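The values are calculated or read from the model by the stated rules, or taken from the named source; none is laboratory data. Just so it is clear, the structure is predicted and the values come from calculations on it, not from any experiment. A quick note on method: Cβ atoms are made from the backbone with ideal geometry, for glycine too, and the neighbour counts reach across all protein chains shown. To get the accessible areas, we keep the full protein, side chains included, count just its heavy atoms, and leave off ligands, DNA and RNA. Shrake-Rupley method; radii C 1.70, N 1.55, O 1.52, S 1.80 Å.
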Amino acid sequence: MQRIFGLIKDRVGALLADGTVDRVIGWEKGEFLYDHTPAIFNAEDDLVDLVYDGFCASNLSKYLIDESKKDGKILALLKPCDTYNFNQLIKEHRINRDNVYVLGIECRGMLDIDKIRALGIKGIEKVEEQGDELYIQTIYGDKTCKRNEVLLEKCINCKGKEHVAYDELVTSGEDIPQVESNRFEDVEKLEAMTSDERFAFWRGELSKCIRCNACRNVCPICSCVECVFDNKDSVVASKANTDEFEENLFHIIRAFHVAGRCTDCGECSRVCPQGIPLHLLNRKIIKDINEFYGEYQAGQDTNSLGPLTDFTKEDVEPSIITEKGGEK
Amino acid sequence: MIFSYYPGCTLKTKAKELDEYARKSAKVLGITLEELPDWQCCGAVYPLAQDEIATRLSSVRALVSAKDVDRDLVTLCSACHHVIKRVNHDMETNEDIRTKVNNYLELDEDYRGETNVVHYLELLRDVIGFDELRKKVINPLKGKKIGAYYGCLLLRPSKTMEFDNPENPTIMEDFIRAIGGDPVIYPYRNECCGGYIALNKKELTQERCNSIVASAIEKDADMLITACPLCMYNLDINSTEQKLPVYYFTELLAEALGVK
Amino acid sequence: MYTAEREMTENVLRISNVNTRKCMKCGKCSGACPAFDKMDIHPHQFVSMVEKGDIEGLMNSKTLWSCLSCFACVERCPRNVEPAKLIEAVRLSVIRKQGENRLKADDIPVLLDDELPQQAIVSAFRKFSK
Amino acid sequence: MSIEKTEDSNFEPLIVAFCCNWCSYAGADLAGTSRLSYPANVKIIRVPCSCRVNPMFILRAFQRGADGVIICGCHPGDCHYSTGNYYARRRMTLLFSMLDYLGIERGRTRVEWVSAAEGVKFSTVMNEFSKTIHELGENKKLRDLRCKEFLD
Amino acid sequence: MQKIGVFVCWCGSNIAATVDVKAVVDAVSHEPGVVYATDYQYMCSEGGQSQIRQAIKDFGLTGIVVCSCSPRMHESTFRKTAISAGLNPYMVEIANIREQCSWIHKDREDATEKAIILARTAVAKLNLNRPLTPGESPVVKRALVIGGGIAGIQSALDIAEAGYEVDIVEKSPTIGGKMAQLDKTFPTLDCAACILTPKMVDAASNENINLYTYSEVEDVSGFVGNFTVKIRKKARSINADICSGCGVCTEKCPSRKAKDEFNMGLSNRGAIYIPFAQAIPNVPVIDREQCIKFKTGKCGLCEMNCPAGAIDFKQQDELVERQYGAIIVATGFKPISLENFDEFSYSQCPDVITSLELERIMNAAGPTKGKLLRPSDNTPPRTMVFVQCVGSRDTSGCGKTYCSKICCMYTAKHAMLIKEKYPDIDVHVFYIDVRTPGKNFDEFYRRAVEEYGVNYIKGMVGKVAERNGKLLVQGSDLLADDQIIIEADMVVLATAIEPDESARNLATMLTASIDTNDFFTEAHPKLRPVESPTAGVYLSGVCQGPKDIPETVAQASAAAAKVIGLLAKDKLRSNPCVASSNEMLCNGCSTCENVCPYGAISYVSKEIRSAGKMEVRRVAEVNEAICQGCGACTVVCPSGAMDLKGFTNKQIMAEVDAICR
């Protein structure tokens, strides 16, 4: 990851210097080595805090909604999966394209600190990356592991290394191995269960929700001017769990609000403090859309009609669900 | 193209030529008719009563053995085609009959009417195609004016038999043209010859056959063809006034293909 | 009150699975029947007599033994009434009784001739005896 | 620990039916004028078009105690607003699939296209649906997905 | 808090028989917001309505709930009552406790409990109603009539008579429709052409009526008062303005193989032809499939011989787009195909014909110049057999389940006309029931039997078989309990009729509802028989159901009266239950714009004060004149900014809560 970071840093510096952009949004070192936070750097001088390594998973396109409204041009460092959200927000007129200069940066897949710890590696001080190897300096001595063993869920199911929106690309030229994965594997596992088992699974998961709204706040698509859950005179009550209707079904209603628009970027599950696999809800809708209405990847372009705002005369009837054969 | 074949009892005895010519012609047309290993008599008449199970079993056994080798079941005699196809329809649509038959037969897998029942003529029309058949004809029956005699069991009831337009069929006329003959269309070709009534009311059969033959002759047919041994017998023996030679359609087919 | 007549009618309707009320009395079945002249009770009357429950009259009629089962009435009936099934149901009500078989084994030899296909004998037996 | 289905026969299912004003509501009226009966536990809410039915209404109905929800609309192609029922058809397919995915019994939700001339069909559908819901028993699962009452 | 009055109607015994009306009144009076509740035998009567008006005044009601029959019946009545009492008409909600409660539940306790829930639901919704004022939309003062038969012509004449402009679109080269093919008409036996052609000429000469013949409607958009219709004027290959209708070209045309549709295929016509002598417009048309010039590029005889030089092979279809305030559907009918009825040997014997073919044979301008001859050998028939109900009253799937209504009368007419002109012909008619209801109709049929000796046989034909040039008609004679065989020279089949094949696709274009037999469905058989449920679309003639010419003309004038009533208005009150967007919540994401079937949503950037500062935002705006209130946009809008007045999210949620309480 070192080489690409250098290339990026130079490019950012150059673009800032020659005035094409007047500020850049990237990541700055966080409190620990694994929680780099999105940050805006205004001038070339304070790029020292800019960082790009295996822990820059957060999706910067959401910030561009507000940033692109300000005057002046902002440089955005977007990984391939972030560019799908960028396109979707362009389609929904939420980002002012002219005020954003997109720098498509190469990504080898981001790391999951919990998985590293799960390998028994504790007291981490420093993480060095050499190709597919991770050299981790801990207070108990040096450890190594393979990058692919500790990838984030969303990177295991990476949607491919091409950027679907960019003004300029920065790549290191090295070929990046693609992890073999079946994106809908977990969804299929759930579908194979009986309905009581599925109910027990979701009951277990959703009852862990503490309504911190992290999933909604991180989701680039779930960025209404005023969210229906915050709006006191909407049909669903306010943010706190005042009435059990909204508390129970918050996740299902949210899944439906983003249905056909969610690019499956996996951020909701990544940030959930309770570790609820929320992406399995959205991914189920995506799987159904692909199955019933043909392959559709939200954010692939900026003009196609989303599946829920489109139809064909020969669409399948809803009874296909109710008659799906005996109690699977 | 391999098909399971259900000859039926009469084609082993009195109607041997119907079967023999069918097999010879099939070989030339590249069709393999694989006779079912152990078939039984279909009962010759379809049991109209809904509560009769025993009289349906032999047909279901034939259908199941075709299903086991995953092949369509070809029939030749009109009566066998009628009975087996209607029993198959029951097994597909009538839950009560299906359950009782499956309970009785205790098959390892319930039979639900999966096998396709195909008459030999439908084989010529839909599988081989009459144009293809015309190409294989080596001595066409030039100048022969042939009246097609359908009888009742192949065409009716059309909602189940789905053989052809019950009142204005064309399959046999197309067949005749394909083998080089001139089809003669006469109005009584889809009227009943009397069938089994020959045994207890002979004069009724004679009356039926006479009007059929008279109508064919009036349209100046030289001969009639049929697919049913009982129609053959009645038209031959029980037409007491005018007379017309009656052949099995497979005989003419074999002649046209030069394998007679 | 539930008489024997009522029970026989129920039986005929159950065996035939025919709904006689669908008949609009147009008479097309009788118009199309090739064995009309040999019948004392004609197909359209057959349907209305079953509807009225007069099964006794039907069981003694010659119609049972003249019907060719050629399905002309079934095919051409505009209301899906299927008269042939009613005739067979009443015939079965007769021959299913003890000793009521219309065609016995020893009637056959005199009827034989060397051309007669056994299809004729099997279908006659299936129709006229149980 | 699976939820055993109580088969108490005096259980009266509560069914909410969303009917589109132009076709199925008129079909329901025709069932009425033809005096065709169906269970009284079916309550109809009139909406301008089947595309007006928001998943939130359906989830709210289940959560408030409905045992079955049925959405009726015009036959595809006959919609008074020409495309409304096409959108409803897609949305409901995905919603039913999601509910099934969450472990809710498949038979609890249904879409039925009923035209203004199909009074008989309307009453048959309602009778059938009410029988299915009666067999499925009371809807406990969606009443409280967070299952406060189950955890104790 | 609302002050709501609830009025529970007995509807005579229709509701009161199975719903305990008093219990409903009592239960609903405790609902929040209800200050007055009462019941009355006939709420929709003058007495009932005055009770409502009085209650509004006495209690200062802000809204009323009427528990009565379906809103589709009397919603407008009770809204008018509210207006007359000074209450906003959209503060009225109806609980349907008749069609959807008392009429379908036998058990009194169940019905009452359900009525209470339905009443409670209506009150819950009304609590959240807000007064709405209907918008106004302009009315284009022009009507469109689709179909140029007697129905279309009569409607157009009546509308033109009232001074409004009318366009008739007819897909065949001439107006006149099926009636033009008839010889005589019942019950007066006057000649069809004598009563039709004057109306055709009036239609052609009336300056308010524009004829679009050989044209088809291709697309309809918009709504009542403002329809936009695309009409395709198919290329005639003749310049109609300079053609004098001399007909020289039709004589010179060498291609004679085409079957003459007007004569039901009983004779041939040239590739260039005028359908019949009195055709309006009297301009020929070139059938491009038959014309040798179009097929091989050679010939062009018509062009050479045309004195006016009107032939124009290069002519292309023309697409015309026009606005209309109202549309009348008058697409008419056609006989069904008889391929499923070959027991009558229709497709095997030329002497077995349909009644419409007989009309052409007996018509003086027909293929046999009015002489009754057998199509097979042109010899006069000695014996004729008519067969009724061919394809009608058929539930076997081959034909139509309904009775086509007009066959008994026209068969009696044919029988009488034949016996009148050729007394020695034996005429037999096989019938199931002779249906000749109404004024002078049965007398007309009895004249055929008693005065002209037509032999009516109660029975049905089983088979028609041709032998030695004769037709053996085998049928049953139920009264004689006999099977008879008649040796006939001609057999005439009274064939069932079905709507024109353009009906189904036209219904989709108009979003008008249509039943399984492809007849247009009327809004209400008794209350609104000539209107489609789709506002602005009216039904005239057989497109709505089988009927004879007298009824068709009556319905045509009725439809015209409705259209005149609509066009007389300058402004139409448009439905106020339309979508509205809350700009504070709108993300400007265009999702609603993508689903709106009418394109009623557009986007503007607006200065909006949010969180203390002004910012320019892209927000949705609904054009209330175009929006029809379907609500598709409200559901795709994640933030709930888009809502539907009259059916808001909160109202529907309140109804759900009221039902599930």
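Okay, here's what the table says:
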{"item": "Strands (runs of 3 or more DSSP E) within the stretch E:577-622 that include 2 or more residues within 12 Å of chain A (Cβ to nearest Cβ), open to solvent by 30 Å² or more (accessible area, probe 1.4 Å) and farther than 30 Å from E:Glu93 by Cβ", "result": "E:601-610, E:613-622"}
{"item": "Residue ranges of strands (runs of 3 or more DSSP E) in the stretch E:448-510 with at least 1 members away from every other protein chain (no Cβ under 14 Å) and buried (at least 18 other Cβ atoms within 10 Å of the Cβ)", "result": "E:490-495, E:497-499"}
{"item": "Qualifying residue in the stretch E:546-553 (condition: in contact with a Lys or Arg (Cβ under 6 Å, 6 or more places away or on another chain) and within 14 Å of another protein chain (Cβ to nearest Cβ))", "result": "no"}
{"item": "Index of the failed condition, E:Val220 passing every other in (1) of a type outside the set (Asp, Glu); (2) more than 27 Å from E:Thr508 (Cα to Cα); (3) touching a helix residue (DSSP H, G or I) at 6+ places or on another chain (Cβ under 7 Å)", "result": "(2)"}
{"item": "Selected residue [outside the structural domain of C:Lys127 (by TED's automatic domain parsing), surrounded by fewer than 24 Cβ atoms within 10 Å (Cβ to Cβ) and outside any loop (DSSP other than H, G, I, E, B)] from C:Asp107, C:Asp37", "result": "C:Asp37"}
{"item": "Matching strands (runs of 3 or more DSSP E) fully within the stretch E:1-81 where at least 3 residues are touching a helix residue (DSSP H, G or I) at 6+ places or on another chain (Cβ under 9 Å) and in contact (Cβ under 8 Å) with a residue 60 or more places away in the chain", "result": "E:4-9, E:63-68"}
{"item": "Hits in the stretch E:314-352 (condition: part of a loop (DSSP other than H, G, I, E, B) and within 14 Å of chain B (Cβ to nearest Cβ))", "result": "E:Ser337, E:Leu338, E:Glu339, E:Asn340, E:Phe341, E:Ser345, E:Tyr346, E:Ser347, E:Gln348, E:Cys349, E:Pro350, E:Asp351"}
{"item": "Per-region count, the stretch C:68-86, residues more than 7 Å from chain B (Cβ to nearest Cβ), out of contact with any strand residue (DSSP E or B) (no Cβ under 9 Å at 6 or more places or on another chain) and open to solvent by 10 Å² or more (accessible area, probe 1.4 Å)", "result": "4"}
{"item": "Of residues in the stretch D:34-63 being out of contact with any strand residue (DSSP E or B) (no Cβ under 9 Å at 6 or more places or on another chain) and of a type in the set (Ser, Thr, Tyr), the one farthest from D:Lys141 (Cα to Cα)", "result": "D:Ser34"}
{"item": "Per-region count, the stretch D:27-37, residues facing chain E (nearest Cβ under 7 Å) and either in contact with a Gly (Cβ under 7 Å, 6 or more places away or on another chain) or open to solvent by 10 Å² or more (accessible area, probe 1.4 Å) (or both)", "result": "5"}
{"item": "Whichever residue in the stretch A:30-78 is among the hydroxyl-bearing types (Ser, Thr, Tyr) and more than 14 Å from chain E (Cβ to nearest Cβ) and, among such residues, is nearest to A:His163 (Cα to Cα)", "result": "A:Ser61"}
{"item": "Per-region count, the stretch D:110-140, residues of a type in the set (S, T, N, Q), within 13 Å of chain A (Cβ to nearest Cβ) and open to solvent by 10 Å² or more (accessible area, probe 1.4 Å)", "result": "1"}
{"item": "Selection status of C:Glu115, part of a loop (DSSP other than H, G, I, E, B), at the interface with chain B (Cβ under 7 Å from one of its Cβ atoms) and open to solvent by 40 Å² or more (accessible area, probe 1.4 Å)", "result": "yes"}
{"item": "Leading residue by the ranking (most open to solvent (accessible area, probe 1.4 Å)) among those in the stretch E:296-308 that are touching a helix residue (DSSP H, G or I) at 6+ places or on another chain (Cβ under 8 Å) and closer than 12 Å to E:Cys246 by Cβ", "result": "E:Pro307"}
{"item": "For E:Arg256: the one exception among (1) open to solvent by 40 Å² or more (accessible area, probe 1.4 Å); (2) in a strand (DSSP E or B)", "result": "(2)"}
{"item": "Of residues in the stretch B:1-55 being charged (D, E, K, R) and buried (at least 20 other Cβ atoms within 10 Å of the Cβ), the one nearest to the other protein chains (Cβ to nearest Cβ)", "result": "B:Lys14"}
{"item": "Lone qualifier among A:Glu149, A:Glu197, A:Glu174 - being touching a residue at least 12 places away in the same chain (Cβ under 8 Å) and either part of a helix (DSSP H, G or I) or within 14 Å of chain D (Cβ to nearest Cβ) (or both)", "result": "A:Glu149"}
{"item": "Whichever residue in the stretch A:298-328 is closer than 26 Å to A:Phe86 by Cα and open to solvent by 40 Å² or more (accessible area, probe 1.4 Å) and, among such residues, is nearest to the other protein chains (Cβ to nearest Cβ)", "result": "A:Phe311"}
{"item": "Number of the exception - B:Tyr149 against (1) open to solvent by 50 Å² or more (accessible area, probe 1.4 Å); (2) of a type in the set (Ser, Thr, Tyr); (3) under 13 Å from the mean Cα position of the chain (by Cα)", "result": "(1)"}
{"item": "Condition met for E:Ala162 (more than 18 Å from the chain's Cα centre (by Cα), under 17 Å from E:Ala556 (Cβ atoms) and at pLDDT below 95)", "result": "no"}
{"item": "Residue in the stretch E:279-287 that is open to solvent by 80 Å² or more (accessible area, probe 1.4 Å) and not in a helix (DSSP H, G or I) present", "result": "no"}
{"item": "Of residues in the stretch E:382-397 being part of a loop (DSSP other than H, G, I, E, B) and out of contact with any helix residue (DSSP H, G or I) (no Cβ under 9 Å at 6 or more places or on another chain), the one nearest to the other protein chains (Cβ to nearest Cβ)", "result": "E:Asp394"}
{"item": "Residues (closer than 25 Å to E:Leu539 by Cβ and crowded, with 20+ Cβ neighbours inside 10 Å) located in the stretch E:315-349", "result": "E:Tyr324, E:Gly325, E:Ala326, E:Ile327, E:Ile328, E:Val329, E:Ala330, E:Thr331, E:Gly332, E:Phe333, E:Pro335, E:Ile336"}
{"item": "In the stretch A:168-207, residue least open to solvent (accessible area, probe 1.4 Å) [restricted to those that are among the polar types (S, T, N, Q) and within 22 Å of A:His251 (Cβ to Cβ)]", "result": "A:Ser195"}
{"item": "Test: residue in the stretch C:48-62 that is within 19 Å of B:Glu203 (Cα to Cα), open to solvent by 20 Å² or more (accessible area, probe 1.4 Å) and away from chain E (no Cβ under 14 Å)", "result": "yes"}
{"item": "Residues being open to solvent by less than 20 Å² (accessible area, probe 1.4 Å) and part of a loop (DSSP other than H, G, I, E, B) - total across the stretch E:88-125", "result": "3"}
